[in-house]
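We did not get these values from a lab; they are worked out from the coordinates using the rules stated. Model, not experiment: these values are computed from the prediction. Methodologically, a virtual Cβ is constructed for each residue, glycine included, from the backbone with ideal geometry; neighbour enumeration extends over all protein chains shown.
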Amino acid sequence: MAGHQRRFEDTCEITGIKNAITVTGEILKFRPKDVIIATINRSAKVTLNWNARAELYIGSLGGVEFQSAGPNSQAYRTQR
């Protein structure tokens, strides 16, 4: 019996809302359409929560707001 699953990358693009600078964040914890906890340059830890209205993950750190579309994913087929 075959099934389908999704595999998510362990990095995502995180953009500063005011300055529009994009960096790659390493994901520590991810739940689809709920939360991303990631590190920026392995020094700053940021928590981004899902915003259904904007369909983005949004959070702040040190007074700077960030947004992300989340990690890329690939669907793959499983067999038993």
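Where Rh denotes the Kirkwood radius from the mean inverse Cα pair distance, what is Rg over Rh for the chain?
Working: Rg = 14.2 Å, Rh = 13.3 Å.
That ratio is 1.06, to two decimals.
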* For the chain, set up a Gaussian network in which alpha carbons nearer than 10 Å are linked by springs, and say which option among K29, K18, K45 fluctuates the most. => K18
* Starting from one equal scatterer on each C-alpha and no solvent at all, send me the Debye-based log10 I(q)/I(0) for region 1-43 at q = 0.17, 0.23, 0.25 Å⁻¹, two decimals. => -0.56, -0.85, -0.94
* Quick one: length gained pulling L61 to A75 fully straight, 0.36 nm per residue minus the C-alpha distance? -> 1.8 nm
* Structure fact -> Karplus ³J(HN,Hα) for region 7-18 (6.51 cos²θ - 1.76 cosθ + 1.60, θ = phi - 60°; Hz, whole; x = Gly/Pro) runs 10, 9, 5, 9, 9, 8, 7, 10, 10, x, 5, 6
* Asked: Got a sec? Charge dipole of the chain, +1 on Cβ for Lys and Arg, -1 for Asp and Glu; which of A52, H4, N72 is way out at the positive end?
  -> H4
* Computed FRET value (nearest 0.05) for R7 with V35, which takes r as the C-beta separation and R₀ as 25 Å -> 0.85
* Out of residues 5 or more away from T11 or on other chains, whose amide H comes under 5 Å of its own, with H placed 1.01 Å from N in the peptide plane? -> I27
